[in-house]
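For reference, the structure is listed below as structure tokens.
The values are calculated or read from the model by the stated rules, or taken from the named source; none is laboratory data. None of these values were measured; they are calculated from a predicted model. Every residue, glycine as well, gets a Cβ built from its backbone with ideal geometry; the counts of neighbours run over all protein chains shown.
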Amino acid sequence: MDTIFGTTLFETLLSRLLATSVQAAILVAAIWALCRWLPALPAATRCRLWWLVGAQTVLGLLWAGALHLPVLPAAPAQTAVAATALPAASLQDARAATAASPRAATQQAAAAASLSWAQALVALWMAGVLLGTLRSGHAYRASRRLVRASTPCADAALLGALRLAAEAHGLRGQPQLRLSAQIDSPQLIGPWRPVLLLPARRLVAMHADDLDMALTHELVHLQRRDLWWGLLPALAHHLFFFHPLVRLAVREYALAREAACDAAVVAGHRHCRHNYARLLVQLGVAPRPAAGVASASPSFVSLKRRLLMLQSTASFSRLGAGLITAAIALAGVMPLRLVAKPAPANAAAAAAPAAAPAAAPVVPAVPAPAVPILASVLAQPAPAVPAAAPPPAAPAAPVAPLQADAPLLSQGRVSLSQHDDQDAYVLVQDGHNLMDASLDDLHEARRLAGDDGGILWFRHDGHRYVVRDPAALARFQALHAQTLDLADAQAELGDQQGDLGERQGDLSERMAELSAQMAESAARQAEAALAASRGTASQAQIDRVAAQRASEQMRRQELGKKIQALARQQAQLGLQQSQLGKQQAAASVHARQQAEQLIRQTIAQGLATPIDG
């Protein structure tokens, strides 16, 4: 349950909120700069651009198929130096230089703290969304009450003019026309069954031309389907209530929507811009209805900007506006996720192939079974079984044998594929190998060395050589002395970790058996208490069963303490293993550099014999 509703839900939701918020901020900044750079951009195009911000936020939060962009730095490749035992000139008993996690308990605590923070942030976000939804629901109910309190329009001339205007705008049906004494400007409410409200108190004083322009403004909203298109920015405003730039985009969308209708009224009306601007000033400022639009501006700043837009008479290419909208839609709406670059292929090839450890089975914590609790028996709560430390890394599986000779220890880096153009070396001496080569190279070096000979086989600049000089072999052997010592120390720590893992497994099995015994004792105690309540058992029997259960619980606590002590030892060994791994990696790099210098010296001194073929 924690995995499904914890890590998957909370962390995924937070990551989507964060990524979408960053992308929305970039998109808003781009659209804002574009509108400032192109002041002649039509209001309808601005409206579509700001609407795309709402589409991007909703799509980025709800759609799982985001486009991954590998622009972050790639994770560094980790090279592991393996010590391998060969049965009969073969690779066997590989000791991987991998370090077990030294801070398992700390990592678990950090993961739990991260999850708790994720849960808290998601809870706050959900509370904000719920609060915004409740406010919108309250405003919607208020607008419906406003519609119910209005009266149908009985003016036949006004209804006829509305019908003709609706037909002129290509509307299939005209909205229901009603009069309301609670408003001061025309309002259009409801995307499903739109209702056009007219101010009853101002209707008598309004000129016919002013009324015509006001009705045209609302009918343009219906023609553009603004009530439907506005649902998506409203949803984005609810989901990203915490994002100031998303709120800015929603306000700009509403302003551009009104400006687009203003431009349509001025473009198709016979009266001048001055008369329409005067009408906007007369309508003044009024709050925008929920699930609706109003001819009046929601604020004085909005009114001022609408008046300034009316003064602009510059034209803009329809093709250019369409290309700008398409470019922003293609580049900005698709949800994007920034991910790390893939590791370079050459780095992966240069990395030492780490042996895959066979993970020891994790012994699960056995909870105390549920026991029926009677009113007369107070069940003692069983202590929680302490979590066992991570099992140690087991030795790697042996590689297929090359021959059937005596075991041979191999130290260094082994490549499973042949690369004749890469430098490599194999030292065969005193019952072990030092190598940075492929398996085929190891075959050839073993064949040239014979049964008991010591050689240094290497490939340099595409040519193969053999060195049999004892002094050169001893110098090459001394280069890797520190690496061999560190590998032996890691192998010893691995054995200790394996022993601790076995002891933890034994203690966990004993604790499981003890839990089963405690369950049986609890059942017997409950039966004895039930029998005592019926008068068929004595108090001595009940006390005897309770004492037995208390003894078993004490033993269980002692086992728990032992497991905790072993877990601490396991963590200490893991820390030592990690430190040895770092030292061995540094020593291997240094030894490889020294080996390359020594190889060049043997060639220069004539100690290296070329191999024909």
Query raised in the report: Restricting attention to the stretch 182-224, and to residues there that are among the basic types (K, R) and within 17 Å of P152 (Cα to Cα), which single residue is surrounded by the most Cβ atoms within 10 Å (Cβ to Cβ)?
Result: R202
Query - Count - residues of the stretch 285-324 that are surrounded by 13 or more Cβ atoms within 10 Å (Cβ to Cβ) and not in a helix (DSSP H, G or I) - result: 16
Query raised in the report: Going by the structure shown, is L442 part of a strand (DSSP E or B) and either modelled with pLDDT of 75 or more or within 23 Å of I563 (Cβ to Cβ) (or both)?
Result: no
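Give R510, R475, R503, R464 a once-over and let me know the one that is among the charged types (D, E, K, R), closer than 18 Å to I603 by Cβ and assigned to a helix (DSSP H, G or I).
R475
Yes/no matrix, rows are residues, columns are (1) closer than 30 Å to R16 by Cβ; (2) in contact with a helix residue (DSSP H, G or I) (Cβ under 8 Å, 6 or more places away or on another chain); (3) at pLDDT 50 or above:
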site	(1), (2), (3)
P287	no, no, yes
T313	no, no, yes
A326	yes, no, yes
A348	no, no, no
Report task. Kindly indicate whether E502 is surrounded by fewer than 16 Cβ atoms within 10 Å (Cβ to Cβ), within 30 Å of N433 (Cα to Cα) and modelled with pLDDT of 75 or more. Result -> no
Report summary line: If we keep only residues of the stretch 409-433 that are surrounded by fewer than 23 Cβ atoms within 10 Å (Cβ to Cβ) and touching a Gly at 6+ places or on another chain (Cβ under 8 Å), then the residue modelled with the lowest pLDDT is L409
Requested in this report: Might you check whether a residue that is in a strand (DSSP E or B) and of a type in the set (S, T, Y) occurs anywhere in the stretch 142-149?
Outcome: no
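This table checks each residue for (1) within 49 Å of the chain's Cα centre (by Cα); (2) in contact (Cβ under 8 Å) with a residue 24 or more places away in the chain.
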residue	(1), (2)
E218	yes, yes
Y253	yes, yes
C272	no, no
L279	no, yes
P289	yes, yes
Report summary line: Scanning the stretch 580-593 residue by residue, those polar (S, T, N, Q) and surrounded by 15 or more Cβ atoms within 10 Å (Cβ to Cβ) turn out to be Q583, Q584, S588
**Report entry** Flag if A481 is surrounded by fewer than 17 Cβ atoms within 10 Å (Cβ to Cβ) and among the aliphatic types (A, V, I, L, M)
**Finding:** yes
Query - Count of the stretch 253-278 residues which are over 24 Å from G190 (Cβ atoms) and in a helix (DSSP H, G or I) - result: 10
**Report entry** Leading residue by the ranking (surrounded by the fewest Cβ atoms within 10 Å (Cβ to Cβ)) among those in the stretch 154-181 that are over 50 Å from the mean Cα position of the chain (by Cα) and in a loop (DSSP other than H, G, I, E, B)
**Finding:** A154
Report task. Consider A263 carefully, then state whether it is at pLDDT below 95, within 16 Å of C47 (Cβ to Cβ), within 31 Å of the chain's Cα centre (by Cα) and not charged (D, E, K, R). Result -> no
Requested in this report: Considering each of A55, A40 in turn, give the residue that is touching a residue at least 40 places away in the same chain (Cβ under 8 Å) and in a helix (DSSP H, G or I).
Outcome: A55
**Report entry** Scan of the stretch 544-595 for residues that are among the hydroxyl-bearing types (S, T, Y) and in contact (Cβ under 8 Å) with a residue 12 or more places away in the chain, ordered by number
**Finding:** S578, S588
**Report entry** Condition check for D469: modelled with pLDDT under 75 and farther than 30 Å from Q576 by Cβ
**Finding:** no
Query raised in the report: Considering only the stretch 524-544, how many residues are surrounded by 13 or more Cβ atoms within 10 Å (Cβ to Cβ) and modelled with pLDDT of 75 or more?
Result: 1
Query raised in the report: Is it fair to say C272 is in contact with a helix residue (DSSP H, G or I) (Cβ under 9 Å, 6 or more places away or on another chain) and either modelled with pLDDT of 90 or more or buried (at least 22 other Cβ atoms within 10 Å of the Cβ) (or both)?
Result: no
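Is it the case that A139 is in contact (Cβ under 8 Å) with a residue 60 or more places away in the chain and either of a type outside the set (S, T, N, Q) or closer than 21 Å to R257 by Cα (or both)?
In short, yes.
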Report task. Would you confirm whether any residue within the stretch 218-234 is within 21 Å of W32 (Cβ to Cβ) and either modelled with pLDDT under 90 or in a loop (DSSP other than H, G, I, E, B) (or both)? Result -> yes
